[in-house]
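Here the structure comes first, spelled out in structure tokens, and everything after it is commentary.
The values are calculated or read from the model by the stated rules, or taken from the named source; none is laboratory data. Keep in mind the model is a prediction, meaning the values are calculated, not measured. No Cβ is skipped: glycine too gets one built from the backbone with ideal geometry, and neighbour counts run over all protein chains shown. Surface areas here come from the heavy atoms of the whole protein model, side chains and all, with no ligands, DNA or RNA. Shrake-Rupley method; radii C 1.70, N 1.55, O 1.52, S 1.80 Å.
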Amino acid sequence: MIQATVAVDREQAIGKVDRRLFGSFVEHLGRCVYGGIYAPGGPLSDAHGFREDVAALIRDLGVTVVRYPGGNFVSGYRWEDGVGLRDVRPSRLNLAWHQTDQNTFGLHEFIDWTRKIGVEPMLAVNLGTRGIAEALDMLEYSNHPSGTTLSDLRVANGAADPFGVRMWCLGNEPDGPWQLGHKTALEYGRLAAETARGMRQFDEKLELVVNGSTAPWLPSSVDWDRIVLDETVEFADYVAVHIYVEEVERDIQTFLASGVELDREIERAIAEADAAAARRGTERKLAVSVDEWGIWRGRDPNPPTPEDWPVERRIGESIYTAGDAVVTGALIISLLNHADRVTCACQSLLVNAGAPIRAEADGVWRQSIYYPFQLAARYSKGTALRASIAAPEIDTRKYGRVGAIDVAATLDEEKGELVLFLVNRNASEAAQTTIRLGSWPDARLADSLVVGGGDPWEMSTREQPDRVVPHRNDETSIDGGLIDVTLPAASWSVIRLAVDAGR
Ligand code: AHR
């Protein structure tokens, strides 16, 4: 057993927790849309074809904003294909994912679906095979009230009210050679800047997201952010970070420390954005949108033959483990600890592909990674506080020596609730942890839950969906503002405390 100490005080505020931190992502990929959120005519769908059972789980998960329609898919997408009478919409190849898209789910269906679920829509424009004109058309179609050809077409297509979409992504991962319309940093930076400039002429209050470097292993990552941000820092509001982690060669110790990678990516993006702002002589401080994050075991067990272009195809339908749940929670800790600059984040993806929710034709079930997201979305409200942590280090193959414990804390001033999120990323030893709540000597323990802490490769399945679920940690006590808790090896915990918010 290792020993750790943590201190949390109200003076150490990081920033407000933006509700958009609990976003997710829906892409025309695999069975995320077709067979996932949308299955017209199915017994579990409503009159519009939206899966009721999937919708109920998404609401329960606590998702706040959903990014759409991609991802790689958007870089070849013609948004016009997905509006108008469904029977006559064109059928197209989805080159990104080797599927056929009959376009029965498009812009109107997406907006209607977000309203049904109660989430904010966030759209991406195609800056791969298309450009400024098509992005501006999509914006006018979506957000202009009426009186122009495009906005009147939306009205004629059944949406009298504008969609009112605030957040727009300027393309997707243009630095990736896998992307249709892959670009150099300067090509993308110029295009993104001019698209943003046009979009602002329509509405200067839009919130625009420019793509930062997709991955540190891309050769272009050396100067991608510098070049792109020099072009766009005056026009964008967010720089996007994407991160996918996975356990490689059963190296659970490195995998458990994946939060370090997200910390580094966020801090790199902030540093690049601030440096570009300084070079351009602007006071602008871009926020960070971690608009794709998750655990992706990319190997495709059923790659299609070149001739096969199915509508629905199983891509990324991993079964997630207890270790995956712990890492999901650890990534959320990283997001919360950067709440001053990270104000939007989208777990990827929402249903079936790399997802917390699995939908089959006859029902749905929750994967292990569902629970840390749900608990954090439900309880991390108000202000994120910086915890100071003293814990032994662990050795990891990929990240070197890192602290065994990581912690995020949030104070919900309205409710009078302090919530601690803790990960013990030590794969083999529990951590006897003392937490000093300097500002709250009278804090009362409301709940202490733990995810993981047993076999990190244990999985829930459709037949046994409750094998990896949160359980109460009885080894938690509090006395005079001092918490004593044992964090099992490879575990993620939530401790909720009733506090006097004024002290
Ligand atoms: O989430 C799957 C894919 O991963 C997305 O389409 C792309 O943006 C990323 O590379």
Extreme residue, least open to solvent (accessible area, probe 1.4 Å), among residues of region 71-89 that are closer than 20 Å to E173 by Cβ and away from the ligand (no atom under 16 Å from the Cβ): W79
Any hit, region 472-489, residues being part of a loop (DSSP other than H, G, I, E, B), under 17 Å from F373 (Cα atoms) and open to solvent by less than 60 Å² (accessible area, probe 1.4 Å): no
Unique residue being touching a strand residue (DSSP E or B) at 6+ places or on another chain (Cβ under 9 Å) and part of a strand (DSSP E or B) when the list is A409, A376: A409
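Okay, residues lined up against (1) modelled with pLDDT of 95 or more; (2) touching an Asp or Glu at 6+ places or on another chain (Cβ under 8 Å); (3) closer than 19 Å to L336 by Cα; (4) open to solvent by 10 Å² or more (accessible area, probe 1.4 Å):
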| site | (1), (2), (3), (4) |
| --- | --- |
| S368 | yes, yes, no, no |
| S388 | yes, no, yes, yes |
| I405 | yes, no, yes, no |
| A408 | yes, no, yes, no |
| E414 | yes, no, yes, yes |
| E417 | yes, no, yes, yes |
Selected residue (only one of E317, E393, E307 is surrounded by fewer than 24 Cβ atoms within 10 Å (Cβ to Cβ) and within 16 Å of the ligand (Cβ to nearest atom)): E317
Counted residues, region 490-503 - those being in contact (Cβ under 8 Å) with a residue 60 or more places away in the chain and outside any strand (DSSP E or B): 5
Residue that is nearest to L422 (Cα to Cα), among those in region 304-326 that are in a loop (DSSP other than H, G, I, E, B) and small (G, A, S): S318
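The rows are residues; the columns are (1) out of contact with any strand residue (DSSP E or B) (no Cβ under 8 Å at 6 or more places or on another chain); (2) open to solvent by 60 Å² or more (accessible area, probe 1.4 Å).
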{"residue": "R190", "(1), (2)": "yes, yes"}
{"residue": "E194", "(1), (2)": "yes, no"}
{"residue": "A215", "(1), (2)": "no, no"}
{"residue": "A240", "(1), (2)": "no, no"}
Selection from region 271-304 of residues that are over 26 Å from the mean Cα position of the chain (by Cα) and of a type in the set (V, I, T): T282
Residues (assigned to a loop (DSSP other than H, G, I, E, B) and either free of Cβ contacts under 8 Å to residues at least 60 places away in the same chain or among the charged types (D, E, K, R) (or both)) located in region 460-471: R462, E463, Q464, D466, R467
Where a residue in region 404-420 is on the phi > 0 side of the Ramachandran plot and its partner, wherever it lies, is buried (at least 23 other Cβ atoms within 10 Å of the Cβ), with Cβ under 8 Å and at least six apart: G416/V499
Residue that is farthest from the ligand (Cβ to nearest atom), among those in region 10-29 that are part of a loop (DSSP other than H, G, I, E, B) and closer than 30 Å to N352 by Cβ: V17
Residue under evaluation V210, criteria (1) open to solvent by less than 10 Å² (accessible area, probe 1.4 Å); (2) among the β-branched types (V, I, T); (3) away from the ligand (no atom under 16 Å from the Cβ), criterion not met: (3)
Of all residues in region 329-346 being open to solvent by 10 Å² or more (accessible area, probe 1.4 Å) and either out of contact with any Asp or Glu (no Cβ under 8 Å at 6 or more places or on another chain) or of a type in the set (A, V, I, L, M) (or both), the one that is farthest from L411 (Cα to Cα): R341
Test: residue in region 65-77 that is in a strand (DSSP E or B), at pLDDT 95 or above and of a type in the set (G, A, S): no
Residue match in region 142-155 (condition: open to solvent by less than 60 Å² (accessible area, probe 1.4 Å), modelled with pLDDT of 95 or more, within 25 Å of the chain's Cα centre (by Cα) and not acidic (D, E)): yes
Residue among L95, L150, L85 that is farther than 24 Å from F202 by Cβ and without any contact (Cβ under 8 Å) to a residue 40 or more places away in the chain: L85
Subset of region 420-439 [acidic (D, E) and open to solvent by less than 30 Å² (accessible area, probe 1.4 Å)]: none
First in region 168-185 and within 12 Å of the ligand (Cβ to nearest atom), second anywhere and polar (S, T, N, Q) and open to solvent by 60 Å² or more (accessible area, probe 1.4 Å), Cβ under 7 Å, 6 or more apart: L180/T129
Unique residue being more than 18 Å from D291 (Cβ to Cβ), within 18 Å of the chain's Cα centre (by Cα), open to solvent by less than 30 Å² (accessible area, probe 1.4 Å) and in the same structural domain as R313 (by TED's automatic domain parsing) when the list is L107, L57, L61, L123: L57
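Table: residues versus (1) open to solvent by less than 20 Å² (accessible area, probe 1.4 Å); (2) under 19 Å from the mean Cα position of the chain (by Cα); (3) more than 14 Å from D112 (Cβ to Cβ).
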residue: P40; (1), (2), (3): no, no, no
residue: A47; (1), (2), (3): no, no, no
residue: P69; (1), (2), (3): yes, yes, yes
residue: S91; (1), (2), (3): no, no, yes
